[in-house]
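The values are calculated or read from the model by the stated rules, or taken from the named source; none is laboratory data. Keep in mind that what you see is a predicted model, and the values were worked out from it rather than measured. No Cβ is skipped: glycine too gets one built from the backbone with ideal geometry, and neighbour counts run over all protein chains shown. Just so you know, the surface numbers come from the protein's heavy atoms only, side chains and all, with ligands and any DNA or RNA stripped out. Shrake-Rupley method; radii C 1.70, N 1.55, O 1.52, S 1.80 Å.
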Amino acid sequence: MTLREEITFYAESFSSIVNFSPFDKEAFDSARRGFQTFEYDIRNLEDLPLQIRQLAPVSPLARYASIDPPLIGAHSSTVDPIDVNMYFEASSRWPENLVAIQEAKIEFLLDIDRRLCSAHDNITTHLGRENKELGNENLAFLDVIYDTGAAFRVRIHCDLEEILLERQQKNRTLEHYVRDEADETLARFHWQFTTLPLHTQTIATFCTRLPTLSGSIRLAKQWFNSHKLTSHISQELIELFVLHVFLHPYPWKIPSSSTTGFLRTLDFLSRWDWRDEALIIDSAEEMSSDERLEIRKNLEEWRKKDPNMNHMTLFVATSHDHSGLAYTRNGPSKLIASRMTRLAKAACKLVKEEDYNLDPVDLFETSLQDYDVLIQLSARAVKNIMRSAASDSAARKASQFKNLDSQTGKAPLPIRAHPVDVLLGELGRLYEETLIFFRGDSAADDDDLVVGAIWNPKLKRQKFRVGLPYNFHGVDEEDGNVVEVNKKAVLLEIARIGGDMIKKIEEVEDEEEDEA
């Protein structure tokens, strides 16, 4: 085999990891064309209460960055919609109350729903509500599904929300927890309606300019997914890691293949000293040296305030966000970031040792030995839940319109959230002080629904006190007042919460304990 043949075989082997196809770009292009059609239909609606200023897609499907390409024209058991933000022109007609604004959004979506269905007979719609505890956050979305298979999930932006949340955040007369809630809500608002649209536009633009960027991103996401890190490291952050390699290829040229881009991303992650180095991604190429210096000073100040990195670990600044916090406000933690670095170093070591004899599958092999608990989910139960939820939504929609035939009424609609996301979100909320869960992306997990978990390293035997944030039991100590986490009881609680979705829970035995 010649060197060229070896390189070709090497690249094709990596491509098979995420099932690359020559038609993938066309699938992504079809999704973007579908969005253009959707935007045209929305803007042509007459007599809307407010003038639409912008429609912005904010989904990996719309920026050539999802592991699996969009399935336009091919329905599976469910439909994966493209998230879209809708921005209206500034208006004084919005109510000056956060909860009332959310109710007004619902009325707007219902109005758009009626107008779309009246104007187009090839559209199915469904109004959904987010699972939010607080009434002052965005509660509603509208799913719009074309008979071609293109689907969009619309959320409405209201500029008055930002003003009201900032007032709450700065109002010192309010209770401390109210200001904290406003701060968290405002951060999520900025992420959804400011950061994501700019990010999607940036990644989509560079994927168009750099043909191998999309494949590199998809390989990198599959790597993070295989090692069950995607529940702690956002898709958008992974995309920035890969983009950085393409924007700063020195001492090499820009990666000429998806495989090269992916391997260089692993190399970067293995060498990046995120404890002392900020990741600065100047996609607009407008950042001055003074701005870069200021970003580095911000990182130094954060490290002085939080030397143990309990609140902020990775500092990632972009052309649109110099704070360094937009992409990492909710993680990863120091534990997760350290694991990411170790895995990247191990992958790079394997590549160097094996060279062209490397089997690419080895880089994506999931290791389950490092976890304390393995939770095996039932793929059948998950699919049944998704199928039932989509069918029920379609049936309810069909019952409102008698002119729809039985086949149309049974067409699946998007579900609010993936069942695995809901379950793991609830477990993470209930046991955040007890267990740290690791899992891959829900959409890519159908064949390997195993969730790893480790007991919180901070959990140690301690003297009993009121308000311990975990299930505990007494330990036979001399003073008789020492407790530790009741692992068996916690796992039984998890089994009860998961119900049919959980097939088996297995505790991984500690080899050192076995030897003892």
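Remark: the stretch 293-299, residue by residue, has Karplus-estimated 3J(HN,Hα) of 5, 5, 4, 5, 5, 4, 5 Hz, where x stands for each Gly or Pro and the curve is 6.51 cos²θ - 1.76 cosθ + 1.60 at θ = phi - 60°. Dividing the summed -39500 (n - 2.57) terms of all DSSP H runs of n ≥ 4 by the residue count of the chain sets its mean residue ellipticity at 222 nm at -14500 deg cm²/dmol. The mean sequence separation of alpha-carbon pairs under 8 Å and at least six residues apart, normalised by the residue count of the chain, gives a relative contact order of 14 percent.
Counting only protein heavy atoms and a probe of 1.4 Å, the accessible surface of the stretch 182-326 is 48% carbon and sulfur.
I'd like to compare 212-220, 79-87: which one has the highest average count of other Cβ atoms within 10 Å, and what's the full order after that?
212-220, 79-87
Between residue 271 and residue 473, the simple spin-label model (points 7 angstrom out along Cα→Cβ) gives 5.2 nm. Legend: residues 494, 505, sorted from most to least accessible area (1.4 Å probe; ligands, DNA and RNA excluded), read 505, 494. Treating each Cα of the chain as an identical point scatterer and summing with the Debye formula, the log10 of I(q)/I(0) at q = 0.13 Å⁻¹ comes to -1.55. Pairs from the table (458/504; 349/460; 304/458; 228/305; 25/297; 460/504) lying more than 32 angstrom apart at Cα are 349/460; 25/297. Using only Cα coordinates, the Kirkwood hydrodynamic radius of the stretch 195-302 works out to 14.7 Å.
Antiparallel beta bridges, as assigned by DSSP with both residues in the chain, represent about 80 percent of the total such bridges.
Averaged over its residues, the chain has an accessible area of 52 Å² per residue, based on protein heavy atoms and a 1.4 Å probe.
Its alpha carbons considered, the stretch 38-155 gives a radius of gyration followed by a Dmax of 14.9, 44 Å.
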